[in-house]
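Worksheet: one structure, shown below.
The values are calculated or read from the model by the stated rules, or taken from the named source; none is laboratory data. Owing to the predicted nature of the structure, the values given are computational and were not obtained by experimental measurement. Note that we place each Cβ from the backbone using ideal geometry, even for glycine, and neighbour counts take in every protein chain shown. To get the accessible areas, we keep the full protein, side chains included, count just its heavy atoms, and leave off ligands, DNA and RNA. Shrake-Rupley method; radii C 1.70, N 1.55, O 1.52, S 1.80 Å.
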Amino acid sequence: MLSTTRLRRTSRTSQGQSGQAIVVFAVSLTGLLLVAALAFDTGMMMLERRIHQRVADAAALAGARYLPNRTVAASKASEIAQVNLANQDRADAVVQVNTTTTHIQVVVSQQLNSLFAAVVGYEQWDVRARAVAIKLDDQAPFAAMVALSPDACPAVLVSGTGDVISNGDIQVNSSCPDQALKISGQGDLELAHDGLGCYVVGGSQISGKADGTYCDPPQQGFPISYPINAMPSYLNWPDPPTLVSGSRAIPDGCPGSGSPATDTQPKTCQFTASYKDTAWRLYPGYYPGGIKLQGGTFYFEPGIYHLAGGGLQASGSDVTVLSVEPGETTLGGGILLFNTTHAIAANGAIQLGGSGATFNLHPLGGFKENCDPEEELSAWERYLIFQDPAVTNEVVINGGSNDMHARGLIVATTANVKVNGGTGTLYIDGIIADTFQINGNGGNINVLYDACGLPKFTGYGLIE
């Protein structure tokens, strides 16, 4: 009897412990479900805020273009916001716009029903995003790299190896739905810090080992334009001075030769590879038929090089090109390569570097490490390359094994600009082109976006 009683007591105790475990499990499961529900709702709301932030950013930038006209700026910002919200099926969001003559603020807010959090009393979430843009005169271009094409697929292609680092925003106008911006290969397109943005109107494709730091995913952009319609011009084109050389005859087609190029008989001023051990000094002026450098060292005196047909090719394993102060042989001075058309000579591309060629160039007006922000710039100062919109030939900038500099602004509004890095670092300041391709190719491309190396525009951009 004694042993039977003990068995019964043990059975009752086991049943009581089992019941307590079920209660504890039920309470714990309920807590876990509530935490999971809140986490799910929180994640959904963070995604919604991200969408609203993109809408606010795009609207603020759109409106900033029209300042100091506050009425038009507010109207355009509201219009862009409403269109983008409708495209995202969020037309019931509220848009508030406030302006000054230089600033515009856009706030996008919306109340959204919770999915699971209502269980613990959170029936609605308030989603709110805010963006502030500014417009000021005499500023650097809006972005360090601007692709103007409205529909190219891709408009910006980043491939190869190495890193492309931009110290300014990236703007892609193309509405291509899936490849307006395409990053592929083993390299990366990086923004130098998190205050910058990749603004893409269309879609993007980021693949391979690239991670598109701060560009993945890009921010929603809107098309922008640069009203650069004027071109350098002279009342009379002067004949360039004679080229200086110590040991060889000046090639035909070059100024100072026995058969120089003329407007009625354009010829390419060409230095073949046989000139590899010679040094030459080139002067600004009119080059009908363009310039081709395949061998030698070339010191470009300060000024505008008017390439009427033929373009400029500086490539070859034994070519060195430097912009210099008058009469000097070290980096300095400043030039503008103006590539335009000719009535007889065919249009030509601009190509710097490649096949071992080296170059170091400063923009027209020279480059100052510490410039005065109030300084008045002369016409076309801080431009390095300006290509006539009538010329659609590609502009190619090739880096090499050494560090190279193509300082100043590169403008080719109807052409592709191709920038290829080498094992060294290629330094540039900014590009405005129809489209562009960037290939790190094992080295680095550093887009400096240095105000001391760029011309001044009416600038606008996000500040908050």
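The residue list 446, 402, 393 contains one member that is open to solvent by 40 Å² or more (accessible area, probe 1.4 Å) and at pLDDT below 95, which is 402.
Test residue 364 against the stated conditions and say whether it is under 24 Å from residue 265 (Cβ atoms) and either of a type in the set (D, E, K, R) or surrounded by 19 or more Cβ atoms within 10 Å (Cβ to Cβ) (or both). For residue 364, the condition - under 24 Å from residue 265 (Cβ atoms) and either of a type in the set (D, E, K, R) or surrounded by 19 or more Cβ atoms within 10 Å (Cβ to Cβ) (or both) - is not met.
For region 184-241, taking the residues that are part of a loop (DSSP other than H, G, I, E, B) and acidic (Asp, Glu), the one that is modelled with the lowest pLDDT is identified as 211.
Exactly one residue out of 312, 322 is surrounded by 22 or more Cβ atoms within 10 Å (Cβ to Cβ), under 29 Å from the mean Cα position of the chain (by Cα) and at pLDDT 95 or above, and it is 312. Just one of the listed residues (157, 191) is under 14 Å from the mean Cα position of the chain (by Cα) and closer than 15 Å to residue 418 by Cα, namely 157. The C-beta contact set for region 53-72 (first residue surrounded by fewer than 24 Cβ atoms within 10 Å (Cβ to Cβ) and among the hydrophobic types (A, V, I, L, M, F, W, C), second residue part of a helix (DSSP H, G or I) and modelled with pLDDT of 85 or more, distance under 8 angstrom, 6+ apart or interchain) comprises 67/73.
Can you find a residue in region 376-386 that is touching a strand residue (DSSP E or B) at 6+ places or on another chain (Cβ under 8 Å) and surrounded by fewer than 22 Cβ atoms within 10 Å (Cβ to Cβ)?
In the first step, residues of region 376-386 are kept if they are touching a strand residue (DSSP E or B) at 6+ places or on another chain (Cβ under 8 Å); the result is 380-386.
From what is left, the residues that are surrounded by fewer than 22 Cβ atoms within 10 Å (Cβ to Cβ) are 380-381.
Within region 376-386, one or more residues are touching a strand residue (DSSP E or B) at 6+ places or on another chain (Cβ under 8 Å) and surrounded by fewer than 22 Cβ atoms within 10 Å (Cβ to Cβ).
It is to be established whether one or more residues within region 260-270 are out of contact with any Phe, Trp or Tyr (no Cβ under 6 Å at 6 or more places or on another chain), at pLDDT below 85 and in a strand (DSSP E or B). Scanning region 260-270 turns up no residue that is out of contact with any Phe, Trp or Tyr (no Cβ under 6 Å at 6 or more places or on another chain), at pLDDT below 85 and in a strand (DSSP E or B). Counting only strands (runs of 3 or more DSSP E) that sit completely within region 136-183, those holding 2 or more residues that are at pLDDT 85 or above, touching a Lys or Arg at 6+ places or on another chain (Cβ under 8 Å) and crowded, with 21+ Cβ neighbours inside 10 Å correspond to 156-159. Taking residues in region 268-296 that are under 18 Å from residue 391 (Cβ atoms) and in contact (Cβ under 8 Å) with a residue 40 or more places away in the chain, and partners anywhere that are open to solvent by 40 Å² or more (accessible area, probe 1.4 Å) and assigned to a strand (DSSP E or B), the pairs with Cβ atoms closer than 8 Å and at least 6 places apart or on different chains are 268/292; 290/313. Of all residues in region 84-103, those being modelled with pLDDT under 90 and among the β-branched types (Val, Ile, Thr) number 4.
If a residue must be within 24 Å of residue 135 (Cβ to Cβ) and either among the hydrophobic types (A, V, I, L, M, F, W, C) or open to solvent by 70 Å² or more (accessible area, probe 1.4 Å) (or both), how many such residues does region 88-112 contain? Before the answer, list the steps.
Just the residues of region 88-112 that are within 24 Å of residue 135 (Cβ to Cβ), to begin with: 95-108.
Subsequent filtering for residues that are either among the hydrophobic types (A, V, I, L, M, F, W, C) or open to solvent by 70 Å² or more (accessible area, probe 1.4 Å) (or both) retains 95-98, 101, 104, 106-108.
Summing the residues that are within 24 Å of residue 135 (Cβ to Cβ) and either among the hydrophobic types (A, V, I, L, M, F, W, C) or open to solvent by 70 Å² or more (accessible area, probe 1.4 Å) (or both) in region 88-112 gives 9.
One residue alone among 402, 393 is more than 15 Å from the chain's Cα centre (by Cα), free of Cβ contacts under 8 Å to residues at least 60 places away in the same chain and not in a strand (DSSP E or B), and that residue is 402.
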